[in-house]
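Shown next, in structure tokens, is the structure this report addresses.
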Amino acid sequence: MTSERVAVESAKGVNGLEKIILRETRGSSAEVYLYGGHVTSWKNEHGEELLFVSSKALFKPPKAIRGGIPLCFPQFSNLGPLEQHGFARNKLWSIDTDPPAFPTNSSSKAHIDLILKPSEEDMKIWPHSYEFRLRVALGPGGDLMLTSRIRNTNSDGKPFTFTFAYHTYFSVSDISEVRVEGLETHDYLDNLQNRERFTEQGDAITFEGEVDKIYLSTPTKIAILDHEKKRTFVLRKDGLPDAVVWNPWDKKAKAMADFGDDEYKHMLCVEAAAIEKPITLKPGEEWRGRQELSAVPSSYCSGQLDPQRVLQGS
């Protein structure tokens, strides 16, 4: 009788950085680096990688890892005084050995709880006391769930305000064959046009050039259809009203040292976020933001994938 595979295992990753490997009994897996609380791998039961990490990604602090799921906190992009996307993605997190009770309907043993608290150095940049708890879990069907809980632990009575995103890089076969559904008719801020506000017109988002948009007040479910792989990613989100869609295309790709010149063809960022209306927490208050990712086979239907089933399904 073979012993059941280990659900949670600690291992050394690139450049000796510590990572946690999660395994579900049916064969799916995920990897989380303590550096950045950063999910760098999510594989289905066939061992296919579903996230994109650049072949040129530097696993060298303090540089953030290019790809996977970076955590943008306490600032998204350059929308504030801090460094781009804040500092959570380039800090060393700890394993949370005693996480508070977790309301969850998943019985999965394949999960890890991480925690980030500010150092004295951090307090100089962002003078607030907080606890950022992250749970990364694999569901029985191979779904990947990330739950963030951020609590204001200031003792001086001061509230603080932040913006947030799960900067998820999906692995796709060919960006020109991908469409995103669920954001049509929604307003967005176009980062390529000084964050001017527009309304999405098409029946789906397709890609023929650089895209960098913040969609506002978006539905809880977004579908990313990959025609060539006959695969649909479904992103479900809670507590995160906005959604960022980003692909750097060729010129920006060439300008990034930690990104291959042609890799833009094989990735797409669709990010569950809270940007337009920053979140304010009084001392003792906690915010919760959750993202659940699943990958489902999708069939051709009149020459295209049938997304409605996905968006209207459970």
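The values are calculated or read from the model by the stated rules, or taken from the named source; none is laboratory data. Computed from a predicted model, the values in this text were never measured in an experiment. Using ideal geometry, Cβ is built from the backbone for each residue, glycine included, and neighbour counts are taken over all protein chains shown. Just the protein is used for accessible areas: all its heavy atoms, side chains included, with ligands, DNA and RNA removed. Shrake-Rupley method; radii C 1.70, N 1.55, O 1.52, S 1.80 Å.
Observations, loosely collected:
- Ser77, sole failed condition from (1) at pLDDT 95 or above; (2) touching a helix residue (DSSP H, G or I) at 6+ places or on another chain (Cβ under 9 Å): (1)
- The residue of the stretch 242-254 that is farthest from Leu51 (Cα to Cα), among those that are buried (at least 19 other Cβ atoms within 10 Å of the Cβ) and of a type outside the set (A, V, I, L, M, F, W, C), is Asp242.
- For first residues located in the stretch 164-176 and in contact (Cβ under 8 Å) with a residue 12 or more places away in the chain, partners that are of a type in the set (S, T, N, Q) and lie 6+ apart or on another chain with Cβ distances below 7 Å form the pairs Tyr166/Gln291; Ile175/Asn247.
- Residue within the stretch 55-66 that is closer than 22 Å to Ala272 by Cα, outside any loop (DSSP other than H, G, I, E, B) and not charged (D, E, K, R) present: no
- Residue check, Lys221 farther than 20 Å from Ser77 by Cβ, touching a Gly at 6+ places or on another chain (Cβ under 8 Å) and in contact (Cβ under 8 Å) with a residue 60 or more places away in the chain: yes
- Yes/no for Gly67 being crowded, with 23+ Cβ neighbours inside 10 Å and either modelled with pLDDT under 95 or within 13 Å of the chain's Cα centre (by Cα) (or both): yes
- The set of residues in the stretch 131-141 that are over 16 Å from the mean Cα position of the chain (by Cα) and in contact (Cβ under 8 Å) with a residue 40 or more places away in the chain comprises Gly139, Pro140, Gly141.
- Checking Phe132 against (1) within 30 Å of Val296 (Cβ to Cβ); (2) touching a helix residue (DSSP H, G or I) at 6+ places or on another chain (Cβ under 9 Å); (3) of a type in the set (Phe, Trp, Tyr), the condition it does not meet: (1)
- Checking the stated criteria, Arg26 turns out not to satisfy the condition of being open to solvent by 30 Å² or more (accessible area, probe 1.4 Å) and outside any loop (DSSP other than H, G, I, E, B).
- Condition broken by Thr232, with the remaining ones in (1) modelled with pLDDT under 95; (2) open to solvent by less than 40 Å² (accessible area, probe 1.4 Å) satisfied: (1)
Rundown of residues vs (1) open to solvent by 10 Å² or more (accessible area, probe 1.4 Å); (2) hydroxyl-bearing (Ser, Thr, Tyr); (3) assigned to a helix (DSSP H, G or I); (4) out of contact with any Leu (no Cβ under 7 Å at 6 or more places or on another chain), yes/no style:
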{"position": "Ser176", "(1), (2), (3), (4)": "yes, yes, yes, yes"}
{"position": "Leu192", "(1), (2), (3), (4)": "yes, no, yes, yes"}
{"position": "Arg197", "(1), (2), (3), (4)": "yes, no, no, no"}
{"position": "Asp203", "(1), (2), (3), (4)": "yes, no, no, yes"}
{"position": "Asp212", "(1), (2), (3), (4)": "yes, no, no, no"}
{"position": "Leu225", "(1), (2), (3), (4)": "no, no, no, no"}
{"position": "Glu228", "(1), (2), (3), (4)": "yes, no, no, yes"}
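- Count of the stretch 147-174 residues which are part of a loop (DSSP other than H, G, I, E, B), within 20 Å of Phe87 (Cα to Cα) and of a type outside the set (Ser, Thr, Tyr): 3
- One residue from Glu181, Glu208, Glu196, Glu177 being more than 13 Å from Leu268 (Cα to Cα), over 20 Å from the mean Cα position of the chain (by Cα) and not aliphatic (A, V, I, L, M): Glu196
- Counting residues in the stretch 45-55 that are touching a helix residue (DSSP H, G or I) at 6+ places or on another chain (Cβ under 8 Å), surrounded by 14 or more Cβ atoms within 10 Å (Cβ to Cβ) and not basic (Lys, Arg) gives one or more.
- Of all residues making up the stretch 258-280, the number that are touching a strand residue (DSSP E or B) at 6+ places or on another chain (Cβ under 7 Å) and in a strand (DSSP E or B): 13
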